[in-house]
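Okay, structure first, notes after.
The values are calculated or read from the model by the stated rules, or taken from the named source; none is laboratory data. Predicted, not measured: the structure shown is a model, and the values here were computed from it. In this analysis, Cβ positions are derived from the backbone assuming ideal geometry, glycine residues included, and neighbour counts consider all displayed protein chains. Side chains are part of the model used for accessible areas, which takes the heavy atoms of the whole protein and leaves out ligands, DNA and RNA. Shrake-Rupley method; radii C 1.70, N 1.55, O 1.52, S 1.80 Å.
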Amino acid sequence: GGSNIRSWLPEDLNASDNIKRISENSVDMVNTPLSEKLSEKYKDFLDKYAQLEHYNINISGTKYEKPYIYFDADYEYSYKRSSSLYKSMLKKISSFQVKGMIWYQGESQALDNDVNNYLGLMINLINTLKTDLNTSEYAFEYVQLAPWENSEIMDWEDICNQQREFALKFPKYGMITIGDLGGGLDIHPPVKQKVGERLALAALNNEYSVYGEYSGPIAKCAIKNINNIIIYFIHCNKLDQKSNIGDFEIIYSDGSVEKQEAVISFDCVYLSYDNKKYPEFVQYEYTSNPKIGLFNGSEFPASIFKINIEDS
């Protein structure tokens, strides 16, 4: 729990320039050396811990061949350090003959201010699993983050948007939307069964030919004509709204933001706009605690989004 996706990737991927951490507030510790004093302290603690807990002290790839446990980021095998969970956990099972996995992660990317290339990190994770398993096919169903009522979190929506982009880029992997299952001040959605049911539907649909809806509407593009901006979706059969559809906002080239009333027609959403200005982006409930009111006929909530507006 609370791990960064970088912890689950091999060192060579974490060290590559295209996914390195850009934020000054985040520290990539994959190559950060420990002082001799800290190393000795860590070894002593591990020796006592292993004796107390009777753990199997054989972790491949670790310097001291000791068990993986939680530590602050100063320590070499902390779950906060890049590649630590890949070396101490995932690598030990990723070559087992399995069909795939489910993935629910991303909160720490927002909390760590490390959102710049979550999409690329997800792609690298999938490629790592395929390489370790020596297969070209891998089942991967994942959860878009739940709403969270926390005004201090600024990047939550960016993670959700990259998860949406991943779903468009790789439609064979199933993203489920849980914008109707948020826990308010609790980061965890309280209704776990519905999360599991939707993941099961995604797996059945994508891997076992038991076809049926598993996701809410996912915006794929926005097209501008003379009179309207038209937003097109996937997973949008019988597009409908609850009592309050939620906020659709247009961002113009001058930086101004304007809320617009949405009209649903033929599984698309239509917005009017100020034709005296140039609209660049459209976004829907783009916040860490969205109030989703857009659903499909299976009553699954739409993904939040921010997308470029294209000319028709």
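Between residue 92 and residue 299, what FRET efficiency follows from the Cβ-Cβ distance if R0 is 45 Å, with the result rounded to 0.05?
0.65
Rolling a 1.4 angstrom probe over the protein heavy atoms, how many square angstrom per residue are accessible across the stretch 239-312?
50 Å²
In terms of modelled amide H atoms, which long-range or inter-chain residues lie less than 5 Å from the amide H of residue 281?
Placed amide hydrogens put 251, 309 under 5 Å from residue 281.
Under the Karplus relation 6.51 cos²θ - 1.76 cosθ + 1.60, θ = phi - 60°, what is the ordered set of whole-Hz ³J(HN,Hα) values for the stretch 229-240, x standing for Gly and Pro?
Taking θ as phi minus 60°, the curve returns 10, 10, 9, 9, 10, 10, 6, 10, 4, 6, 4, 8 Hz for the stretch 229-240.
Note the count of lysine pairs whose C-alpha atoms are less than 23 angstrom apart in the stretch 104-254, limited to pairs 8 or more residues apart or on different chains.
Taking the stretch 104-254 as the scope, the lysine pair count is 13.
Please work out whether the stretch 166-312 counts as rounded, prolate or oblate from its C-alpha gyration tensor, where a ≥ b ≥ c are the square roots of the eigenvalues and a/c under 1.5 means rounded, while otherwise a/b larger than b/c means prolate and anything else oblate?
Verdict is prolate for the stretch 166-312.
Just how far, in whole angstrom, is the stretch 239-290 from the stretch 153-199 if you go by their alpha carbon centroids?
After rounding, the separation between the Cα centres reads 21 Å.
Please state, rounded to one decimal and in Å, the Kirkwood hydrodynamic radius that the stretch 108-214 gives when every pair of distinct Cα atoms enters the mean of 1/r.
One decimal place: 14.9 Å for the Kirkwood radius.
Which value does Rg/Rh take for the stretch 247-312 over its C-alpha atoms, Rh per Kirkwood?
My calculation puts Rg/Rh at 0.97.
Which of the GluC sites (Glu not before Pro) found in the stretch 181-285 are in a DSSP loop and have at most 13 neighbouring Cβ atoms, other than their own, within 10 Å?
261
Once you have a ≥ b ≥ c as the square roots of the Cα gyration tensor eigenvalues for the stretch 208-262, tell me rounded if a/c is under 1.5, and otherwise prolate or oblate according to whether a/b is larger than b/c.
Prolate is the answer for the stretch 208-262, as a/c is 1.5 or above and a/b outweighs b/c.
What part of the accessible area of the stretch 165-312, given as a whole %, is carbon or sulfur when the probe is 1.4 angstrom?
49 percent
Just subtract the alpha-carbon distance of residue 197 and residue 136 from 0.36 nm times their residue separation and send over the number in nm, one decimal.
19.3 nm
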